[in-house]
Amino acid sequence: MAIKLKKSYKFALRSAFLLTLCSAILLGVFFYVQRSFDGVFLLLFSILFFILSFVILQYRIQRYIYRRIKKIYDDVALLESSSLTSDPITTDMKTLTAEIEKFAKDKKIEIDTLKIREEYRKDFLGNVSHELKTPLFTVQGYLETLLEGAINDKNVRKKYLQRANKAVERLIYIVKDLDLITKLEAGELNVERSDFDIIELIQSVFELLEMKAAKKEITMTFDMEYPEPIYVNADREKIQQVLTNLLVNSIKYGQPQGTTEVSVENLIRNKVIVRVTDNGEGIPEQYIPRLFERFYRVDQSGSRKEGGSGLGLSIVKHIIEAHGEKIYVESVEKVGSEFSFTLEKATPSKE
């Protein structure tokens with residue numbers, strides 16, 4: 001049975017063979033000149049010389065490669081010291097080249113990721129600044145007007161203080177949403193699961209938003225009668241926030257005298273899908289992939305006439321993903337939009 005040598009030793013074996021061959025030839029010539037040729041001695045010498053050459057070459061080459069590579073790693077400071085060990089490094093150049101190429105590719109991906117994160121950070125800071133400065137400047141303007149003498153007019157004073165208070169409320173709303181989304185992204189907000197009736201929860205959200213919908217003459221309704229409860233296993237409070245955010249968006253961007261319809265359907269054996277559909281202004285197709293980004297608005301003019309923190313859909317996405325579920329969006333401009341998300345089904349509790 002042929003002995004299969006490790007690929008990393010081929011270089012040392014070949015070099016040792018060549019050295020032994022050259023030494024044996026020289027020694028043979030020497031014996032020939034001296035006319036005292038000894039075949040046994042020459043064979044033993046060749047074997048011992050071959051073994052010694054192989055061991056020395058293998059050790060020296062490994063140490064040489066290791067020291068050079070470690071020096072490169074240390075110089076560029078791309079690897080932690082724990083990444084390198086004192087184990088012999090392969091002398092197989094193909095393997096070594098593949099490892100270096102993989103290292104270079106990984107670093108390129110890492111650098112590209114850092115660049116994307118840097119762009120995202122700049123974009124995020126710019127958006128936060130934009131969102132916060134509007135209410136701050138509003139408060140500042142009203143207070144300066146009051147300090148300049150308008151405080152003496154009772155009617156003006158009350159009106160300006162109410163407007164300043166409204167701007168402060170918007171600031172608090174933005175800060176709360178920022179705090180919530182930060183916790184969601186960091187995984188610090190736990191999902192407290194329980195079994196509850198999703199139909200009853202949707203109905204309660206309808207009632208909470210009834211006055212807001214009435215101002216725009218928008219009707220909130222189910223797609224059909226649901227005589228039986230549909231139980232899901234999720235965090236009731238957070239799913240209520242998801243429904244509230246989706247319905248508020250539907251009301252904000254819905255057409256006057258329009259309709260917002262909610263449906264709950266069986267998706268697979270242990271899942272349901274909740275759909276929130278409206279016949280509002282719809283979303284242009286090019287904006288849909290970015291809808292769930294923080295502070296992203298379809299209205300690129302920067303208008304804040306509809307209010308909100310700009311974090312609603314981002315919070316919705318993070319809450320649904322924290323449940324291990326999916327959220328989807330479909331929209332046609334001037335036709336309407338549909339947001340849908342999945343939830344895990346549960347059986348009614350028996351008391």
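The values are calculated or read from the model by the stated rules, or taken from the named source; none is laboratory data. Please read these numbers as outputs of a predicted model, since none were measured by experiment. Reconstructed Cβ throughout: ideal geometry from the backbone, glycine too, with neighbour counts over all protein chains shown.
So the values come out like this:
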| read-out | value |
| --- | --- |
| Verdict on Ile230 being of a type in the set (A, V, I, L, M, F, W, C), out of contact with any Gly (no Cβ under 8 Å at 6 or more places or on another chain) and assigned by TED's automatic domain parsing to the domain that holds Lys326 | yes |
| Lone unmet requirement of (1) among the aromatic types (Phe, Trp, Tyr); (2) closer than 22 Å to Asn279 by Cβ; (3) in contact (Cβ under 8 Å) with a residue 60 or more places away in the chain for Phe222 | (3) |
| Matching residues in the range 174-214 - criterion: being closer than 27 Å to Leu132 by Cα and of a type in the set (D, E, K, R) | Lys176, Asp177, Asp179, Lys183, Glu185, Glu188, Lys212 |
| Candidates Asn233, Asn249, Asn190, filtered to the one that is of a type outside the set (Asp, Glu), surrounded by 15 or more Cβ atoms within 10 Å (Cβ to Cβ) and over 25 Å from Glu330 (Cα atoms) | Asn233 |
| Residues satisfying the stated conditions in the range 156-180, i.e. among the acidic types (Asp, Glu) and either under 16 Å from Gln140 (Cα atoms) or not in a helix (DSSP H, G or I) (or both) | Glu169 |
| Filter pass, Leu161 being aliphatic (A, V, I, L, M) and surrounded by 15 or more Cβ atoms within 10 Å (Cβ to Cβ) | no |
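The rows are residues; the columns are (1) surrounded by 10 or more Cβ atoms within 10 Å (Cβ to Cβ); (2) modelled with pLDDT of 70 or more; (3) in contact with a Ser or Thr (Cβ under 8 Å, 6 or more places away or on another chain); (4) in a helix (DSSP H, G or I).
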site: Leu44; (1), (2), (3), (4): yes, yes, no, yes
site: Leu57; (1), (2), (3), (4): yes, yes, yes, yes
site: Ile61; (1), (2), (3), (4): yes, yes, yes, yes
site: Ile65; (1), (2), (3), (4): yes, no, yes, yes
site: Thr90; (1), (2), (3), (4): yes, no, yes, no
site: Asp106; (1), (2), (3), (4): yes, yes, no, yes
site: Glu131; (1), (2), (3), (4): yes, no, yes, yes
site: Thr138; (1), (2), (3), (4): yes, yes, no, yes
site: Tyr142; (1), (2), (3), (4): yes, yes, no, yes
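A quick yes/no check of all residues on (1) surrounded by 13 or more Cβ atoms within 10 Å (Cβ to Cβ); (2) touching a strand residue (DSSP E or B) at 6+ places or on another chain (Cβ under 8 Å):
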{"site": "Leu201", "(1), (2)": "yes, no"}
{"site": "Lys238", "(1), (2)": "yes, no"}
{"site": "Val242", "(1), (2)": "yes, yes"}
{"site": "Pro256", "(1), (2)": "no, no"}
